[in-house]
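Each reported figure results from applying straightforward, stated rules to the coordinates on display, with no laboratory input. Since the model is a prediction, treat every value here as computed from it, not as a measurement. Quick reminder, even Gly has a Cβ in these numbers, built from the backbone with ideal geometry, and neighbours come from all protein chains shown.
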Amino acid sequence: GQQVMQIPQYQHVQEGEDFTTYCNSSTTLSNIQWYKQRPGGHPVFLIQLVKSGEVKKQKRLTFQFGEAKKNSSLHITATQTTDVGTYFCAGRESGGGADGLTFGKGTHLIIQP
Amino acid sequence: EAGVAQSPRYKIIEKRQSVAFWCNPISGHATLYWYQQILGQGPKLLIQFQNNGVVDDSQLPKDRFSAERLKGVDSTLKIQPAKLEDSAVYLCASSPGGQQKLFFGSGTQLSVL
């Protein structure tokens, strides 16, 4: 079955430093979504990427979808303490009958003030 | 707009006991998902409903887990009998349908002793 891998598993940064998490799928995706989960909370939708090579920005967050639609990345510029949490990518397999998302294990972002 | 409602928030049971979780999705959302999230990991899809029909239950341990969505609105997920490895947060999510974003409930944290 489809597998979605994320690296790194944990990332410690000083406040103000940049942060990047990478996501790779074992199969071609129709689209990929990113979610953020605060400690003790539930996943909250951030963005969806659909097109090959697509780049989207949300303030300090930049999301990219690879040309082959098998990988993606999330980059945060100048992290703030409010960015603490776990970032998950979740992909939908291209051509799959069902449209349930397969989540990666997430990258836990820890920020030291 | 009301979000996805789940209950109970917490549940502690002994192994071999049974337990049930309830979910009420956002009004009008045709698609409902149950995910299992083990501590430190990403959500894993258990079952997906489209209205009151099952779209994907390929990862549902059917010997002990069951789920239903009568009338295409709220849903229940049952475990009988529970095992130690079932300790996790059970997340319900809904979406309007198609390949749109998921709205998650706060989850039910299950501890099996």
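Start at zero, step by 5 Å, and the Cα-Cα distances of the range B:1-54 spread as 4, 14, 19, 26, 21, 10, 4, 1 percent across the bins. For peptide B:27-40, the mean count of partner chain Cβ atoms within 10 Å of a residue's Cβ comes to 2. For the range B:23-46, the residues whose amide N sits under 14 Å from a probe point set 7 Å from the Cα of B:Ser58 along the beta carbon direction are B:45-46. Using 30 Å as the Cα-Cα cut-off, could you pick out the over-long pairs in A:Lys51/A:Lys105; A:Lys56/B:Lys44; A:Lys57/B:Lys44; A:Lys59/B:Lys11? As for pairs spanning more than 30 Å Cα to Cα, those are A:Lys59/B:Lys11. The three principal axes of the C-alpha atoms in the range A:17-98 carry coordinate ranges of 39, 26, 18 Å, sorted with the longest axis first.
Within 10 Å of the Cβ of each residue in A:43-49, the mean number of Cβ atoms contributed by other protein chains is 4. In this label model, A:Arg38 and A:Glu17 are separated by 2.4 nm, measuring between points 7 Å along each Cα→Cβ vector. Calculated on the Cα set of chain B, radius of gyration then Dmax: 13.2, 39 Å.
For the peptides A:31-39, A:59-67, A:12-20, the ranking by packing is A:31-39, A:59-67, A:12-20, with the highest mean count of neighbouring Cβ atoms within 10 Å listed first. Taken over the protein assembly as shown, the convex hull of the Cα atoms encloses 121 Å³ per residue.
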